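The values are calculated or read from the model by the stated rules, or taken from the named source; none is laboratory data. From a predicted model like this one, the values you see are computed outputs, not experimental measurements. Here the Cβ positions follow ideal geometry from the backbone for every residue, glycine too, while neighbour counts run over all protein chains shown. The accessibility values were calculated without ligands, DNA or RNA, using every heavy atom of the protein model including side chains. Shrake-Rupley method; radii C 1.70, N 1.55, O 1.52, S 1.80 Å.
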Amino acid sequence: MRYIALILAPAMVLAAALSAAAAAETAVPSPIKIAVFPFELEDFSAGAAYVPPDDIDREQLRLSTEEARRLIAASGRYQLVDISAVNDQAAKAGKLRDCDGCEARIAAGLGADQSMIGIVTRVSRTEYAVTYKIRDIRSGAIVDSEQTDLRMGANVAWSRGARWLIQNRLLERVK
């Protein structure tokens, strides 16, 4: 009996160690807390001075933001941080793209690890670029930035551009 116990004890210790190592390898990292700010319109079109953003533009920006947030949250790699309490002037004015990374500071105050802004750049009434920029809140450095162009489209294509970027750039790279 004693002989069996001497043989089984080290085997049980080894099995426990191997089991713990396997569990550590398969452990899912905790999601990155990310503050996804509303998409903003940057209009470089010839008519920008004459035709301001309208309700349709604002609705398409909202839909683009919703689509990005939905995909990011559904990935399980990220945890969305509630940004509804943000009281920053640049954020309220839809000008985070022009504040030299102030969105990282705002996101840090919300308990996020990263911040994301989305920008739709109108080149003409049928040519657009959709971009996202993600910053690390500790350093303020851009850790990811991608863009896709939309040709011969309309503002209703902005959310498709946002979806394509999130699915084919952000979430594919993070795997």
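Among residues other than Leu150 whose Cβ falls under 9 Å from its Cβ, what is the net charge (Lys/Arg +1, Asp/Glu -1)? Please report the intermediate quantities before stating the final value.
Working: positive: Arg151, Arg160; negative: Glu127, Asp149.
Counting the neighbours of Leu150, the net charge comes to 0.
Leaving out ligands, DNA and RNA, and with a 1.4 Å probe, what % of the accessible surface on the range 30-175 is carbon or sulfur? Intermediate results must be reported in sequence, preceding the final value.
Values: 3780 of 7530 Å².
Looking at the range 30-175 in its full context, I get 50 percent from C and S.
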Point to revise | Gained length - Phe44 relative to Glu127, 0.36 nm times residue gap less alpha-carbon distance | key: 28.8 nm
Review point. How would Ile34, Ile142 line up by accessible area, probe 1.4 Å, largest first?
Key: Ile142, Ile34
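Kindly state, as a whole number, the per residue volume in cubic angstrom of the convex hull around the alpha carbon atoms of the range 33-175. Intermediate results must be reported in sequence, preceding the final value.
Values: hull volume 14.3 nm³, N = 143.
For the range 33-175, the hull spanned by Cα atoms encloses 100 Å³ per residue.
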Study note, to complete from the structure: Computed D for the range 106-146, Stokes-Einstein, Kirkwood radius over alpha-carbon pairs, 4 °C, 1.567 mPa s, to the nearest µm² per second, is 115 µm²/s
Practice item. Provide Rg over Rh for the range 73-137; use the alpha carbon set for both Rg and the Kirkwood Rh (inverse mean inverse pair distance). Key: 1.01
Review point. What ranking, highest mean first, results for peptides 115-123, 37-45, 133-141 when packing means the other Cβ atoms within 10 Å averaged over each residue?
Key: 115-123, 37-45, 133-141
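Packing-wise, with mean Cβ within 10 Å as the measure, how do 107-114, 69-76 rank, highest first?
Details: 107-114: 18.8, 69-76: 15.2.
Ranked by mean Cβ neighbours within 10 Å, highest first: 107-114, 69-76.
Distances longer than 13 Å among the Cα atoms of the range 111-175: what percent of all pairs is that?
62 percent
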